[in-house]
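Report on one structure; see the data block that follows.
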Amino acid sequence: FQVGFQKILTLTYVDKLIDDVHKEFRDKYRNEFQQKGTLGLLNGTFDFKEDFMRLLRDAEESGKARAPTVMKTFEQSQKSQKTVKCMIETRGEKPKEKVKNKKNKASRKEGTEAVAAAGKASAGDKQPSAAGDREELTKDEILQKNREEFFKKHMKAGEKSRSPKPEAQKEKGKKPRVWDLGNSNAKVLDYSNSATNGSMEACPVEEFDPDLALGGRNREPGRLYDLEYESDEEIEEEKVIQNPSKPSAKKGGLGGMFGMLKGLVGSKSLTREDMDPILEKMKDHLIAKNVAAEIAVQLCESVAKKLEGKVMGTFTTVTSTVKQALQEALVQILQPQRRVDVLRDVMDAQRHHRPYVVTFCGVNGVGKSTNLAKISFWLIENDFSVLIAACDTFRAGAVEQLRTHTRRLSALHPPESHGGRTMVQLYEKGYGKDAAGIAMEAISYARNQGFDVVLVDTAGRMQDNAPLMTALAKLIAVNAPDLVLFVGEALVGNEAVDQLVKFNKALADHSMAQTPRLIDGIVLTKFDTIDDKVGAAISMTYITSKPIVFVGTGQTYCDLRSLNAKAVVAALMKA
């Protein structure tokens, strides 16, 4: 067998040689294959060397004999045979070749050419037969008459091919679309004519599946469950401290064991050089977990200052020591000194015969209205009546959203289940009104009607919008709520720091009181969408030193949790 690469060895006769060898070998030993079968192939001897060399010589000679192709000269081409006379086009004559090849012309050109062709053809056919009859007509009149006949013929064919017009004409104007699962009656869907004092007559009780609103889970009514996070114990390969004074040469098994024991035994004090590589990795890890970059740097700096010069414990490593100190610092951040106990404060306000007022503020789209409804449900299950003040008079649909939540909460806790007492009610004055005035009227209405809690919903606003921040500061300064909650989503990183700092600054700058009211607590929403990237909780509590009072974890009314600092830190430190 012989193998040759065609790119390396350029032979023009290779294909021909292979075909000739194949045919020669097949014809020479065909009978032997058919008689002996497979055994003949295994045991037979094939003398094919002389035949192959003969075929190779023939192929080489044929390759040499084949002359290279030579380009034709101009005299040998067809173009040289054309004369100048055949290239001249006379006016009125069309080239024969071009007429055959032209296709897909415009409709206008086709029509004119067809008319002209028809005119010439008809004139040529009829002139010999009726020459005497048409001698009186001029050429223009004949051409006009032929055109009229042509158009009449084509117009009749066009009328036959057209489809008949439908007899029934469609009625003008649009018809309203009727959805399969919707209600075709517009009056049922119109909620605009509602009372302005939040009366229950304007919000009829809605019948729906309670499991859909409550999540269909086994739960204890009125209990605020802690945030849970299941973290698996991770086995990490930690680097052991080696004495830098000794050369890093290859050691035997016994020397390596003594070196490891020396690094583990608590006889070494931590230096900044030992901690810097680990702290750098910790800082990148915190930033990847959505902790604001500035706060991650400050946390690592505080841990380094705390551990510098500290003697390590027995059988501990630098990584484990730094990690443990960072975990303790994070837990301490998430457990502020002042803890907000809403139920205790509501009962204290009841003893003074006044409603407990909570104001919700935050940027656009973080879930203020939704989590206000969750907190309302939690308060109702603890047997406190709630008045919802619709002070978002700017966003389209804000009042209707709260009205829908009020109907659903009333269906879950009807007055019949609470001794005829209305547990939830909406106070609204429509759109375009002063939010501070509506909040003041709602608090007065709650005091007269005996409501325990007033939840004030405000419009979402960006922290850079000075007019809206001034209006929020005015609402808080005039009504003096018991609790000001900032609603922030867990999806933000560095933005959380900017939002909280500017909200607090705006409340302080635009307040007319000597001791302005600032943010008292945080509601962290959309916590179920971030997996283990829980850094926003650290950023928010670190920058304000305010506790996270509630955590929103889903879409049902039961998806409200209290913050579990250890669970959040476990998620944060997970690799």
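The values are calculated or read from the model by the stated rules, or taken from the named source; none is laboratory data. It should be emphasised that the depicted structure is a prediction, and the values quoted were computed from it without experimental measurement. Methodologically, a virtual Cβ is constructed for each residue, glycine included, from the backbone with ideal geometry; neighbour enumeration extends over all protein chains shown. Calculation scope for accessible area: heavy atoms of the full protein, side chains included, ligands and nucleic acids excluded. Shrake-Rupley method; radii C 1.70, N 1.55, O 1.52, S 1.80 Å.
A few points about this structure:
- Filter result for Ala473 (over 14 Å from Asn364 (Cβ atoms), assigned by the TED database to the domain that holds Ile530 and at pLDDT 85 or above): yes
- Qualifying residues in region 36-69 (those that are closer than 29 Å to Tyr13 by Cβ, of a type in the set (A, V, I, L, M) and at pLDDT below 70) - the one farthest from the chain's Cα centre (by Cα): Ala65
- Enumeration of residues in region 497-516 that are touching a Ser or Thr at 6+ places or on another chain (Cβ under 6 Å), modelled with pLDDT under 85 and among the hydrophobic types (A, V, I, L, M, F, W, C): Val497
- Selection count, region 399-424, where residues are closer than 28 Å to Met469 by Cα and touching a helix residue (DSSP H, G or I) at 6+ places or on another chain (Cβ under 7 Å): 3
- Where helices (runs of 4 or more DSSP H) fall entirely within region 385-481, none has at least 2 residues that are within 23 Å of Gly521 (Cα to Cα), acidic (Asp, Glu) and in contact with a strand residue (DSSP E or B) (Cβ under 8 Å, 6 or more places away or on another chain).
- In region 503-533, the qualifying residues are those that are part of a helix (DSSP H, G or I) and of a type in the set (S, T, N, Q), and the one that is most open to solvent (accessible area, probe 1.4 Å) is Thr529.
- For Asn31, the stated conditions do not hold, so it cannot be described as under 60 Å from the mean Cα position of the chain (by Cα) and either modelled with pLDDT of 70 or more or open to solvent by 100 Å² or more (accessible area, probe 1.4 Å) (or both).
Listed here are the residues, each with its yes/no results for (1) touching a Ser or Thr at 6+ places or on another chain (Cβ under 8 Å); (2) assigned by the TED database to the domain that holds Phe550; (3) surrounded by fewer than 15 Cβ atoms within 10 Å (Cβ to Cβ); (4) at pLDDT 95 or above.
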position	(1), (2), (3), (4)
Lys368	yes, yes, no, no
Ala396	no, yes, yes, no
Pro414	no, yes, yes, no
Arg421	yes, yes, yes, no
Leu455	yes, yes, no, yes
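- Filtered residues of region 539-556 (kept if open to solvent by less than 20 Å² (accessible area, probe 1.4 Å) and not polar (S, T, N, Q)): Met540, Pro547, Ile548, Val549, Phe550, Val551, Gly552, Gly554
- The residues of region 324-339 that are under 36 Å from the mean Cα position of the chain (by Cα) and in contact (Cβ under 8 Å) with a residue 60 or more places away in the chain, listed by number, are Leu326, Gln327, Leu330, Val331, Ile333, Leu334, Gln335, Pro336.
- Against the conditions (1) surrounded by 15 or more Cβ atoms within 10 Å (Cβ to Cβ); (2) within 30 Å of Leu475 (Cα to Cα); (3) at pLDDT below 90, Arg339 satisfies every one except (1).
- Being among the small types (Gly, Ala, Ser) and either outside the structural domain of Ala567 (by the TED database) or more than 32 Å from the chain's Cα centre (by Cα) (or both) is true of Ala446.
- Selection status of Ala473, closer than 29 Å to Arg354 by Cα, crowded, with 20+ Cβ neighbours inside 10 Å and in contact with a His (Cβ under 6 Å, 6 or more places away or on another chain): yes
- Filtered residues of region 367-384 (kept if assigned to a helix (DSSP H, G or I), in contact (Cβ under 8 Å) with a residue 60 or more places away in the chain, of a type outside the set (Ser, Thr, Tyr) and within 14 Å of Tyr356 (Cα to Cα)): Ile375, Leu379
- Residue under evaluation Ala329, criteria (1) more than 15 Å from Gly521 (Cα to Cα); (2) crowded, with 19+ Cβ neighbours inside 10 Å; (3) of a type in the set (A, V, I, L, M), criterion not met: (2)
- Residues of region 482-502 satisfying the condition of being among the aliphatic types (A, V, I, L, M), open to solvent by 10 Å² or more (accessible area, probe 1.4 Å) and assigned to a helix (DSSP H, G or I): Val497, Val501
- Among residues of region 448-471 that are farther than 19 Å from Ser376 by Cβ, those with a beta-carbon under 9 Å from a residue that is of a type in the set (S, T, N, Q) and crowded, with 18+ Cβ neighbours inside 10 Å at least six positions away or on a different chain give the pairs Met462/Gln499; Gln463/Gln499; Met469/Gln463; Ala471/Thr458.
- Test result for Glu97, part of a helix (DSSP H, G or I), at pLDDT 75 or above and either open to solvent by less than 100 Å² (accessible area, probe 1.4 Å) or not small (Gly, Ala, Ser) (or both): no
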